[in-house]
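The values are calculated or read from the model by the stated rules, or taken from the named source; none is laboratory data. Nothing here was measured: the structure is a model prediction, and the numbers come from that model. Neighbour counts are summed over all protein chains in view; Cβ atoms, including those assigned to glycine, are modelled from backbone coordinates with ideal geometry. These accessible areas exclude ligands, DNA and RNA; they are computed on the full protein's heavy atoms, side chains included. Shrake-Rupley method; radii C 1.70, N 1.55, O 1.52, S 1.80 Å.
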Amino acid sequence: RAKAHQRASHSYFTLDMGVEIRERVRMMHALRAAFENERLFVVYQPQVDMRTTTPVGAEALLRWKNEEGQFVPPDQFIPIAEYSGLIVDIGEWVLRSACFELQHLHQLGYTDFKMAVNVSQAQFSHPQFLQSLERALVETKAPANCLELEITESMAMNDPEMLIKTLLHIKQFGVQISIDDFGTGFSSLSHLQRLNVDKLKIDRAFVNEINDKSGEGSIAKMIVQLSQSLNIKVIAEGVETKLQADTLMSFGCHLAQGYLYARPQTQLDLRAWLAQEPGQDLIHLPRGLP
Ligand code: C2E
Ligand code: MG
Ligand code: MG
Ligand code: MG
């Protein structure tokens, strides 16, 4: 009977895979059409200093509303965009949109505001990447030193030599580098030091694990300590509760993004949210703006 069961589950598995592949191909075509017809858009999730809840920046996040008017989660369509190579063009467009918004916010007077943009392996290793980054900065006039590119640990693992070279060029523009979802990959500490990154982002999963005030022995605490000994910045993602915020601050982590502070929002909502937030670094509002 065990054998019959095995065979049954095996054929079920292959059938399922067929559906899966068809679904992926369908999604790839739909994604390309959405990109061409401008049905993709970028939302911005504020990042704050938890001590004062002062906004310090935002992360640009891609959104896709399909023909049926439903949002397709990025965790579903980003892998397809990566696999199909679509991520190169889509990613460049996200980067330009984010640079444009960064420039706009600086013009409004938020002169210390930072913008973080996710960059996939396929984009990063593309021969035109540095040129398209430079073009985005020049054409939008965005301040390079307030742009942060988020890369993942696995990218550091694949080809560290290539990565180190590319990062050196990026650094020459003044652009900052953070490691996204830190702690979920397996980058070696020696790589991490050689990459000369500016910031570690504690993955949401580790923030979610913080359930008691001490947080002793937690991965989040270890990452904060690591960032301190490497003398690089650290930010927590997915902060949802006051307890998580207080615990992270007790470790010495002061930057965060998460639903406790703000959800990802459209550029207009972000501007409105910033305008009503107390204590942000609004130096001056140029006169004559609407
Ligand atoms: P990520 O870069 O780690 O982004 C953080 C994710 O956590 C976002 O999900 C954000 O909406 C979510 N999040 C933030 N705060 C909270 C919270 O308090 N609670 C909960 N439950 N979730 C929170 P999102 O927007 O669905 O993006 C998922 C992933 O898709 C991103 O993870 C990133 O890896 C990828 N992604 C999104 N946009 C882009 C893009 O433009 N380019 C590339 N290459 N990847 C992108
Ligand atoms: Mg990210
Ligand atoms: Mg992340
Ligand atoms: Mg994440």
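Mean residue ellipticity at 222 nm from the helices of the chain, using -39,500 (n - 2.57) per DSSP H segment of n ≥ 4 over the full residue count, to the nearest 500 deg cm²/dmol? That calculation yields -16000 deg cm²/dmol at 222 nm.
Highest GNM mean-square fluctuation, the chain, Cα pairs closer than 10 Å: which of 164, 21, 78? Maximum among the listed residues: 21.
Along the axis of the charge dipole computed for the chain (Cβ charges of +1 for Lys and Arg, -1 for Asp and Glu, origin at the Cα centre), the listed residues 87, 196, 128 are led at the positive end by 87.
Annotation: lysines with alpha-carbon distance below 22 angstrom to residue 199 (same-chain offsets under eight excluded): 114, 165, 171, 221, 233.
Ordering 273, 93 by accessible surface, largest first, gives 93, 273; the 1.4 Å probe counts only protein heavy atoms, with every chain in place.
Computed over the chain, relative contact order equals 19 percent, with contacts defined as Cα pairs under 8 Å that lie 6+ residues apart.
For the chain, modelled as a GNM whose springs connect Cα atoms under 10 angstrom apart, the maximal fluctuation among 264, 127, 55 occurs at 127.
When you filter the chymotrypsin sites (Phe, Trp or Tyr not before Pro) in segment 141-191 for DSSP loop state and at most 10 other Cβ atoms inside 10 Å of their Cβ, you are left with 186.
Among the trypsin sites (Lys or Arg not before Pro) in segment 22-81, which ones are in a DSSP loop with at most 13 other Cβ atoms within 10 Å of the Cβ? Mind listing them? When the trypsin sites (Lys or Arg not before Pro) of segment 22-81 are filtered for loop state and at most 13 Cβ neighbours within 10 Å, 51 remain.
The GluC sites (Glu not before Pro) of segment 68-147 meeting both criteria, a DSSP state outside H, G, I, E and B (loop) and at most 15 other C-beta atoms within 10 angstrom of the site's C-beta, are 68. The long axis of helix 160-173 is offset from the longest Cα principal axis of the chain by roughly 30 degrees. The string of couplings for segment 200-217 from the Karplus curve (6.51, -1.76, 1.60, θ = phi - 60°) is 10, 10, 6, 4, 3, 4, 7, 5, 4, 6, 6, 10, 10, 4, 6, x, 4, x Hz, one whole number per residue in order, with x for Gly and Pro.
Among 138, 56, 88, the largest mean-square fluctuation in a Gaussian network model of the chain (Cα springs under 10 Å) belongs to 138.
Of all DSSP beta bridges confined to the chain, the antiparallel ones make up roughly 40%.
Its relative contact order, with pairs defined as Cα atoms under 8 Å and 6+ residues apart, puts segment 66-204 at 20 percent.
Seen against the Cα atoms of the chain and their longest principal axis, helix 129-140 is set at about 40 degrees. Helix 219-230 axis versus longest C-alpha principal axis of the chain: approximately 50°, rounded to the nearest ten. A 1.4 Å probe run over the protein chains yields, for the chain, 53 Å² of accessible area per residue, whole-number rounding.
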